[in-house]
Each structure stands twice: as structure tokens, then as C-alpha cells.
Amino acid sequence: MLTKKKRDAPAEKALAARKRVKSATEVLAEVNKLAVILKGNTAVARTLNGLQLPQAFREVVEKGADAVLDEVESAIYQAAVSILNGDGFTYDIPSRGRANQQYIPELDRIVLKDSKAPRTFASVKTCRSAVITTRILQLVHELCKKRIHVTKRDLFYTDVKLFEEQNNSDSILDDVACMLGCTRSSLHVVASEKGVVVGDLRFREDGDEIDCQKMGVGGKAIPPNVDKVDGIRSNALFILLVEKDAAFMRLAEDRFYRTYPCIIMTAKGQPDVASRLFLRRLKEVLKIPVLALVDSDPYGLRILSVYMKGSMNMSYDSSNLTTPDIKWLGVRPSDLDRFNIPEQCRLPMTDEDIKTGKKLMEEDFIMANPEWVKELEIMTRTKVKAEIQALSSFGFQYLSEVYLPLKLQEGDWI
């Protein structure tokens, strides 16, 4: 049984940490230095074409409705030509499998190799997917012609018996975007609103003026049509990217962004396309640092990697969806002892957790960052994980009043 002295030790250390927090100006000194470095970096962003690699890769670009209409009609025309030539009803679909993806260190993101596979109606293996592809092309043509947008769920319900599951229509929608050489948003199909943002940020959304400091503690939903966002303005010093909604709500309610001028956003877990596009747009326009707050477990780091390097599923659009230079602020495995997180708030890693952590250490982009490797080694060695909410053991506002200010004050990000 723990003695009273041992039970009180974490609380006493938490109180000592609270006393180390300086004024807001002093807390933000290191953030200001990082921002100056970032704004002073005038290097031109590297591109795949600029690297002149021997392997051909496939990337997509944003296209207007008329351009997408032309691409859809061209795809159907090519299918008709294939039939007339006696080769049958076939589409040439870019291969999006893992084996066809590659991490490019110079770009610090995942890209898609330019390799195609036939999707033939006459084949038992690909017949159904060829039919779904045709139906998706028809629906996209209708949307672009009418200049309207629908959600992926709406698209699924246009032909439930054919699609059977939304995963089927979602996957082939990505195939179609890749085949037509355009971003998925160019197809006028968007995901339902998921991400939210709050803080020192103002912008226009389809002509309406939005002030994210006047949206209450729930924040402003990130628009599914990010292409309708313009006029972005802010006096924020950094963007705080938060993994979970619970931490976002705590920071929003505490008005963290008023004491430490920032923009706080979350996609409530695995990031959706709109949140990734929005973050990249903010970073490009405002040119301020992005600091990430995620759980101290392999999945928190996996989520962060999707923002930074891209996802396997949408590697064809990584140039538009990734924000490579995000700094990992916390919660890091080394923070658990450093901030004296109580044992009862630490969770044992499962075998699957440990396996995921070890796989992460084998990823090229992880190996390129020794500090990340070091943190993952601590995690897999101790076999312990913790959520952001573990910080609440010292008080519900410890996150906003002590942990984050100290991390910012010390420039403790990697």
C-alpha cells in the first residue's frame, strides 16, 4: 500500500511545474523564434517534376467542372473505342495498392507510381467494379453539369443495391479521381463535416465572413468545400493541431487562444480530406508553425503521419493534402515520466499496439527523424501508453494552464 508521502509526490511535482510557467510573452518566445525561421525560409518547394526521378509518378491537380466533364467524356470515349477495336469494355485504372506507392525523402511524403491495370467488364474478377466505375462516372458527370455538390453518403444512396457498401463507392470514387487526374473534391463529392476550428482566424466561406473567435466553445465546422474558402487572415503565432475532440473542447472553453494567440483545430481522430486540405491552406497562407498534440500511443503518431506524409489510400493526391513540417509537441512517451503522470493513468500496450509501434519505426519517414525513433523506442520498451486526458489527473485545466505553456516555453517539440 502506498504511503501518504508517495501518494502526494505527483501532486507536489505538478504544483512545482505550475510555478515554472512564466508570463505569456516569455512562454511564446521560442514559438516566435520558430515562426521567424519559418517566414525567413524562401526556398522554393520541390516538386516531383523538379526532382527528375527515373520512375514515373502520378499526381492530380484541382480541376474546374468543365475540365472534369471533358475528362469523364474522354474516359467513356476511350472505353467505346476499346469496344469497337474488339478489345472489350475496359478502363485503364491507376494502381493504388501499397506496392505501387513510394516515400520520396526529398519531398517528405508518399507518392503514387504511374502504373495502371485494366478493369474489364468481360472479366469475372473485375466485372462488378467496371460497372460501379461507369455508374460513378455518370453521377460525377451529372454533378459537374449541374454545378452542385453532394456528400459521399449521398452518392452511395443513389444506387445502394449496386454499391452494397459505402466502402465500395468510396474506393472507386478515389479510382475515378486518380484516373481523371483531378483531386477528389474536383468531382463535386465531399465528405460530411467532421473537423472544427477555433481561435484567431477569420476567412470568407462562399462569400460569408467567418470569425472563429465568435463561434463559441464548439468552434466552426471546417467547410467540406475548402475551395470556397478565401480571404484567410490571422494574428496567430501558431496552429495547434489536436487529435481529439475532448482536448479541443477543453482548450476552446479555457480560451487558450486568447492567452497564447493561436488557431486550434481537430479532425476528431483520423483526419478527413477537408481537414487536411484546410490545414495545408492555413499553413501556406499564414506561414506559421503547426504544433501537434496527440495521444502517446502508436495510433496518435499514425494520425500525425497522415497529416504530414499522406495516406496510402490517397497517395495520388499527397501534394495537395500533406503538411510536411508539423512539429510533434506532445504527448510524447518521454513526457510520462517528465510530467510525473500517475501509474493509474498509464495504460499497458496491447500486442497489437506494440506491433504497430515497431512497424512505425520501420517507416522511411520515421527513420529520417532520430528524435521520433527515440520516442517510439521508449514506448515499445516500456510497453506503456497514455491519452491526452491523463493530464487531467492533476486538474481539468492542467493541459491549458501548465502542460502546453511549459512545452511552448521550453520549445519542446521535435
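The values are calculated or read from the model by the stated rules, or taken from the named source; none is laboratory data. Note that the structure is a prediction, hence the values are computed from the model and not measured. Methodologically, a virtual Cβ is constructed for each residue, glycine included, from the backbone with ideal geometry; neighbour enumeration extends over all protein chains shown.
Taking only pairs six or more apart or across chains, which ones have beta-carbon atoms under 6 Å, a first residue in the stretch 44-64 that is of a type in the set (Phe, Trp, Tyr) and surrounded by 12 or more Cβ atoms within 10 Å (Cβ to Cβ), and a second residue that is at pLDDT 90 or above and in a strand (DSSP E or B)?
Phe57/Val111; Phe57/Lys113
Could you grab me the full set of residues in the stretch 306-343 that are buried (at least 21 other Cβ atoms within 10 Å of the Cβ), among the small types (Gly, Ala, Ser) and outside any loop (DSSP other than H, G, I, E, B)?
Answer for the stretch 306-343, where residues must be buried (at least 21 other Cβ atoms within 10 Å of the Cβ), among the small types (Gly, Ala, Ser) and outside any loop (DSSP other than H, G, I, E, B): Ser315, Ser318, Gly330.
Checking the condition touching a residue at least 12 places away in the same chain (Cβ under 8 Å), outside the structural domain of Gln270 (by TED's automatic domain parsing) and more than 19 Å from Glu142 (Cβ to Cβ), which residue from Cys212, Cys182, Cys178 passes?
When all the criteria are applied, what remains is Cys178.
Given the conditions (1) part of a strand (DSSP E or B); (2) more than 19 Å from the chain's Cα centre (by Cα), report the number of the one that Leu241 does not fulfil.
(2)
What number of residues within the stretch 153-162 satisfy the criterion of being surrounded by fewer than 17 Cβ atoms within 10 Å (Cβ to Cβ) and either part of a helix (DSSP H, G or I) or under 26 Å from the mean Cα position of the chain (by Cα) (or both)?
So the count comes out to 6.
Would you confirm whether any residue within the stretch 26-38 is free of Cβ contacts under 8 Å to residues at least 12 places away in the same chain, of a type outside the set (Asp, Glu) and under 30 Å from Leu404 (Cα atoms)?
yes
Which residue, of Glu142, Glu193, is outside any strand (DSSP E or B) and in contact with a helix residue (DSSP H, G or I) (Cβ under 9 Å, 6 or more places away or on another chain)?
One residue alone meets the criteria, Glu193.
If we keep just the residues of the stretch 23-40 that are among the polar types (S, T, N, Q) and in a helix (DSSP H, G or I), which is nearest to Pro324 (Cα to Cα)?
The qualifying residue nearest to Pro324 (Cα to Cα) is Asn32.
When the stretch 344-400 is examined, which residues are found to be surrounded by fewer than 16 Cβ atoms within 10 Å (Cβ to Cβ), of a type in the set (A, V, I, L, M) and in contact (Cβ under 8 Å) with a residue 60 or more places away in the chain?
Ala368
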